[in-house]
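These notes concern the structure reproduced below.
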Amino acid sequence: MRIITVRRISQVFFFTMFVWFCVVSTVGDNFWQLRGWPVNWFLQLDPLVAIGTILTTHALYAGLLWALTTVILTIICGRFFCGWVCPFGTLHQFTGFLANHKKSAAEKIRLNRYRKAQCIKYFVLIFFLGMAAFPSIATSLQIGLLDPISLVTRSVNLVILPVIDSAFNITSVSSRFYQGAWLILAIFFTTIFSNLVIPRFYCRFICPLGAMFGIIDRFAIWRIGKIRSECNNCKQCEQSCEGGCEPAGNIRISECILCFNCRDNCKDELIAYQTQASLNGEVTNPDISRRGLMLSLASGIFVVPAVRLGNKLGGNWHHKIIRPPGAMAEEEFLGRCIKCGQCMRACPTNVIQPGGIESGLENLWTPVLNNRIGSSGCQLNCVACGQVCPTSAIRPIKLAEKLGTGDFADRGPVRLGTAFLDRNRCLPWAMDKPCIVCQENCPVSPKAIYTREVFNTVRDGKLTVKKTVDKTIETVETIMAEKFATGDYYCIVDGNKRSRITANNENTIEVSENFAKKPIKDSIIEIQVCLQRPYVDIEKCIGCGICEHECPVSGKRAIRVSGEGETRSTNRTLLLKN
Amino acid sequence: MNRTSKNKLERREFLARAGKAGLSIAAAGTISYLLYDTTVPRNKVSKSVSLPDFSVEPIKGQAISVIKGSNRVESVNKAIKLIGGIERFVRPGETVVIKPNIAFASPSALGATSSPKLIAEIVRLCYEGKAKRVYVTDNPINDPASCFRLSGIGEAASGAGAKIILPKEKYFSNTTLMGGKLIDNWPVFFEPLAKADKLIGVAVVKDHHRSKASMTMKNWYGLLGGRRNIFHQDINTIIAELAILMKPTLVVLDGTEVMKSNGPTGGSITDLKRENTMIVSCDMVAADSYGCGLLGLKPKDLPYLGKAEKAGAGTTDYHRLKPIFDTAG
Amino acid sequence: MSIIQSRVKGFESVASLCLLGVIVLIGVGVLVKQSDYEMSQFGMDTIVEVLSENNSNIKEKMVFDSLSATGFENLLETEVYDSQTLYEKINGKAPIYLESGFRELVTQRFVIKKDQKLWAELFVYDMGSAKNAYSVYSRQKRTDVKILSGIGFAYESVNALFCAYGQYYIEFIGSSEAKELLEGMREIVQKIRANKAVADVETGVMKLFSSERLIPDSIKLYLNNTFGFEGLTDVFTGQYQIGNDIVTAFLSKRISAEEARKVFQKYHGFLLDNSGVDIPVTDPKMKIVDFYGTIEIVGATGRYVFGVHEAESRQVAEELAGMLSERLNE
């Protein structure tokens, strides 16, 4: 069995496993649902996620220890992850193969030659690590934008699977929605289509993870190399070189991704995987200039405070930034979130959405609750998002903590924000129409939305009595038939208590009980509507957003949650302590 | 190659090209002709379905039974037995749809949803009546899959052999209630009803701030689709219209544990109170008229009961039906 | 040294197979991992389910402030005891409660306004479930008492009143035999019942005992360790007067027929293990054991385990067992 066959099997295996993990990231105990699948494994194996979060949090969070395995294996064997494991790499290799396999050998050799621009990925890496590394200035973890595992996880979770599901409903009964998914798709497609120009374009020029492996594999014990210094220079070895690492000349170890194609292609069997350096000579260090390194580092350091000039973490925070239950305080949250979209895929109600840039560039694709999307705000009995978060940007809280029961009774429930009523849009407040859907759906007990009953005289609601027979009043004015017969309208007559209207036609009104004092001819009666007007009890509201989701005023909702009062930070508190 | 043959070739080539061009023009012309439409486009009106009548032949004195007992399973068995047994309602080979209240993603102990044990028992009873298939369905307010999971009904019902139908957009069809005001070309969860020979509604007695009480009639709200929340503006009419629209075989009103406050979501077991009552009825207006007593209400406190009665959906004077009272367990 | 130096087929294949092995191991590891999970971690567990099974568990405090009777007044504050402090109040009797699901005891003294020497103390034991409450009620029932009708399970002695009401076991003990004291107690107990609707213990099994020869109100409920055998739980016993003999019969409803059969076999085994001697019997559904000179019968029919305990005469025992068996078959 040839080694490249095993490499292909490995790539197919890990790619399938990766897609499977994305597919199963929905809450449930069917075999194709979350249950115990290690859905974060690829993100945990990714040392860039580990190092990024170590820089911002000074700790290696639980499952990210897996990255150590990758690092150790890379130090021993070289960039095996890129050539054998990385699902994004596999995708690029495959599309690159489709695009170029019919080209001539000479053309392929030209496509797969080493290019100076391959150093760009090192600058990308240094730029992002620079953003995260200096707490005395400001740190921000933005590596998730281009980290290949985060990028491909996000793309599959938030675009590929939802698009398939919208047509076939395989993993989700109803369609899933993700705002701004087009940008995620645009970037994903750009990386894929660039393989038409140069195979493994992303891997060679952009991938910061590949760059990181390129830096740490310089001491690799085993490496690809020639076993003789001279050969007939047929360059066949470079024909399908995945890394663009010049195996025919002085092989560039930091670019080699261990595809073993060179070894397979060499008719003279001059290439081997060995402990000694290539007899033709090799280049172990990445080809980066000191000047480029300093520039990318400096701009990485500089860009964070520059982005923060918008004061989005301070007084200018956006009120629509409502984070999932258990999210860390905003700055710590941004120091952990890698924008992988796991929480958004796992969320059973689809309320967790990729954030846009309205509250600063850093917010892009971080989880934000949008109660207008999804099946019902943040579900009370659910903590799935924290369970799937690989970096604990959303802490894996227990239900008791979320609900503030048991051991957490003295702390109270986790609040995501507070619901505010817009009395200018609310039916009972602005239009004199009964409604209180929000109150009905408020899931906490006692309800955070309560009502006060008022009786308002309706427009043109003063009517003149013609005569009264039993429970029926005949009026002088003409009224719309059935209009007041909904059970919410009352008739008030001098000297009588309010009585409910049970029926009306153009000239009569019938009430539920006999009048104590019959309205006489020409006396004035008033038609009143009974309104239960909603109020929010700020001490009870947890900001779950179910009210906002259910509000029948469907455009701009008449009750909306905003971030004030969230538990995770003290500087957005609204309520004083008792 | 001489000149003539070259000309010949060119001519042949030209003719071939002209032929293809002609065909293309003809094709374009034909398609335009076929699609040509001078009428001004109008908004599409989806076609309307009418809901089947699932009711059974009434038998005097066997319209409603009220059982006192703490065990739902025993109560419902006895209640159904007293009004003719399951054989009266489910014939061998029939398909039965059960519509519980699964509106909220909350654990069954909180009483906001039907008891899974009760649903499982009704499913079992249907199979005992030799039903061919039993479906359990609802279009919940919260996330459907979570509602079926958390309420325990999904597991209990499928454990008893029923099939769960979760709402999908394509499962809804528009319907109109003749003489109605609100249900006018409105989407209902028709797919399960289309399969059914019999329909059983299973509701919980719950406090409901807007309509005062949520029982078997309000339970049909869960078959409405679309932006059904707008009907809250006229809650009494919509509940009454649902009672007229739906003609179930049987309704089961579970007052074993009654949600006395904070309804219809509840959220705390302190919102519940044991009333140990199970009502099974062919007349849902009568069932609700009895059931509202468990919340300390009288039928006249609920305008929708009067409206439904007026429209002939049933009677609020349940005594007239000679309810069968008994105890179980 | 080079690992894959040349295309020595064998060596490359070995290395390849090793790597394949690693891939397979990873696959197996993932499959093992996926089966290890707990739905409650996602908050999707129906956690309150346990409570719902025994919904009389719902904890509502008895309201004592409003509880009083005409001419009575409340003396002192209510006192509350939990399982740790129960001994302080009723030292000797505590175990019977603690073994039966005791949750809380609330006590309150009432005194007659006119005569402060006449007082009564109310003990409300929250036993967690109606079954538990009935068990402690029935097992402590004294002989020669007056059964009260119309208030569920209740009886009176000369100066005290006892009742099982839902998950509560209530004792009301007066300081003297004065008549007005007892009347006041009855009134207060009635008020408790009016204030709280609760589910009483299911009486289905009890009804099966009914017979002319059943000694009235002799039915007791044992929750566990009945007749010294651990496996015999939730057992009702009733005493019969047959001729001159007083015989105890027992009945227990199990979850399923299969479980009933198991309990039956285990209890029979227990009797034999403790030097009981089988007496041959034709009915396969029951066993008769001579147990140190007394007759024990145990059998199972449907979901029920039934039997006779410590009968003097075999004939009487068989007659009684036969009657129960017949009734269960109906």
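The values are calculated or read from the model by the stated rules, or taken from the named source; none is laboratory data. Since this is a predicted model, take the numbers as computed values, not measurements. Cβ coordinates were reconstructed from backbone atoms using ideal geometry, including for glycine residues, and neighbour counts include every protein chain displayed. Remember, those area values only see protein heavy atoms, side chains included, never the ligands or the DNA or RNA. Shrake-Rupley method; radii C 1.70, N 1.55, O 1.52, S 1.80 Å.
Separation of the stretch B:14-37 and the stretch C:272-326, taken as the distance between their Cα centroids, equals 99 angstrom. With contributions of -39500 (n - 2.57) from each DSSP H run of at least four residues, the per-residue ellipticity at 222 nm computed over chain A stands at -9000 deg cm²/dmol. At a Förster radius of 25 Å, what calculated FRET efficiency corresponds to the Cβ-Cβ distance of A:Glu513 and A:Met431, to the nearest 0.05? The pair A:Glu513/A:Met431 has a calculated efficiency of 0.30. Considering only beta bridges that DSSP places wholly inside chain A, some 95 percent are antiparallel.
Counting only other chains, and only Cβ atoms inside 10 Å, what mean value do you get across the residues of A:344-356?
Numbers: counts 0, 0, 1, 1, 12, 6, 1, 1, 0, 0, 0, 0, 0.
The mean count of partner-chain Cβ atoms within 10 Å per residue comes to 2.
If you take all C-alpha pairs in the stretch B:33-109, what percent of them are over 16 Å apart?
Numbers: 2165 of 2926 pairs.
Beyond 16 Å sits 74 percent of the P(r) for the stretch B:33-109.
Carbon-plus-sulfur fraction of the accessible area of the stretch A:75-131, 1.4 Å probe, in percent? Don't skip to the end; give the middle numbers.
Details: 1660 of 2200 Å².
That fraction is 75 percent.
Our note on the geometry: Cα centres of the stretch B:68-93 and the stretch A:179-203, 62 Å apart.
Run the dipole for chain A about the Cα centre, Lys and Arg Cβ at +1, Asp and Glu Cβ at -1, nothing else charged, and hand back the magnitude in debye, nearest 20.
Numbers: 65 positive and 46 negative charges, 236 e Å.
For this selection, approximately 1140 debye.
Each peptide in A:561-573, B:38-50 was scored by the mean count of other Cβ atoms within 10 Å over its residues; highest first, the order is A:561-573, B:38-50. Each 10 Å bin, from zero up to the one with the longest distance, holds this percent of the alpha carbon pairs of the protein assembly as shown: 2, 8, 13, 15, 15, 15, 12, 9, 6, 3, 1, 0, 0, 0, 0. Normalised by 2.2 N^0.38 Å, where N is the number of residues, the alpha-carbon radius of gyration of the stretch A:349-407 equals 1.24.
With K and R counted +1 and D and E -1, the other residues having a Cβ less than 12 Å from that of B:Lys132 yield a net charge of +4. Rg and Dmax of the stretch C:187-310, both derived from C-alpha coordinates alone, stand at 16.7, 56 Å.
Share of Cα-Cα pairs in the stretch A:113-229 beyond 25 Å, in percent?
The proportion of pairs with Cα distances above 25 Å equals 42 percent.
Please figure out what share of the DSSP beta bridges in the stretch B:108-243 is antiparallel and state it in percent, rounded to the nearest 5.
Working: 8 of 11 bridges.
Bridges in the stretch B:108-243 that DSSP calls antiparallel: roughly 75 percent.
Cα-based values for chain C, radius of gyration first and Dmax second, are 29.7, 113 Å. Considered as an equivalent ellipsoid built on the Cα gyration tensor, the stretch A:89-162 has semi-axes of 32, 21, 5 Å, the largest given first. Over chain B, DSSP H runs of length four or greater, each weighted -39,500 (n - 2.57), average out per residue to a 222 nm ellipticity of -10000 deg cm²/dmol.
What's the FRET efficiency of A:Gln276 with A:Gln179 using the Cβ-Cβ distance as r and R₀ = 60 Å, to the nearest 0.05?
The calculated FRET efficiency here is 0.65.
Restricting the chymotrypsin sites (Phe, Trp or Tyr not before Pro) of the stretch C:236-311 to loop positions (DSSP other than H, G, I, E, B) with no more than 13 neighbouring Cβ atoms within 10 Å leaves C:Tyr292. The residues neighbouring B:Gly225, those whose beta-carbon lies less than 13 Å from its own, together hold a net charge of +1 under the Lys/Arg +1, Asp/Glu -1 convention. Checking every one of the trypsin sites (Lys or Arg not before Pro) in the stretch A:241-312 against DSSP loop status and a limit of 10 other Cβ atoms within 10 Å picks out A:Lys267.
Compare the Cα positions of B:Thr316, B:Ile200, B:Leu294 along the charge dipole of the stretch B:187-329 (+1 at Cβ of Lys, Arg; -1 at Cβ of Asp, Glu; about the Cα centre) and return the one farthest towards the positive end. It is B:Thr316, whose Cα lies furthest towards the positive end.
Sorted from greatest to least, the principal axis extents spanned by the alpha carbons of chain A come out as 120, 51, 40 Å.
Across peptide A:3-9, the mean count of Cβ atoms from other chains lying within 10 Å of each residue's own Cβ comes to 4. When both bridge partners sit in chain B, DSSP labels roughly 50% of those beta bridges antiparallel.
The distance from the alpha carbon centre of the stretch A:327-389 to that of the stretch A:286-302 is 33 Å, rounded to a whole number. Expressed as an acute angle from 0 to 90° and rounded to the nearest 10, what is the orientation of the C-alpha long axis of helix B:235-245 relative to the principal long axis of chain B? Long axis of B:235-245 versus the principal axis of chain B: about 80 degrees.
Can you pull out the trypsin sites (Lys or Arg not before Pro) in the stretch C:59-168 whose DSSP state is coil and whose Cβ has at most 15 other Cβ atoms within 10 Å?
Working: sites: C:Lys59, C:Lys61, C:Lys89, C:Lys93, C:Arg103, C:Arg109, C:Lys113, C:Lys114, C:Lys117, C:Lys131, C:Arg139, C:Lys141, C:Arg142, C:Lys146; in loops: C:Lys59, C:Lys61, C:Arg103, C:Lys113, C:Lys114, C:Lys117, C:Lys141, C:Arg142.
Answer by residue number: C:Lys59, C:Lys61, C:Lys113, C:Lys114, C:Lys117, C:Arg142.
Under Stokes-Einstein, with the Kirkwood radius over Cα pairs standing in for Rh, what whole-number D in µm²/s applies to the stretch A:19-117 at 37 °C and 0.692 mPa s? If you can, show how the numbers build up before the last one.
Numbers: Rh = 16.4 Å.
Stokes-Einstein gives a translational diffusion coefficient of 200 µm²/s.
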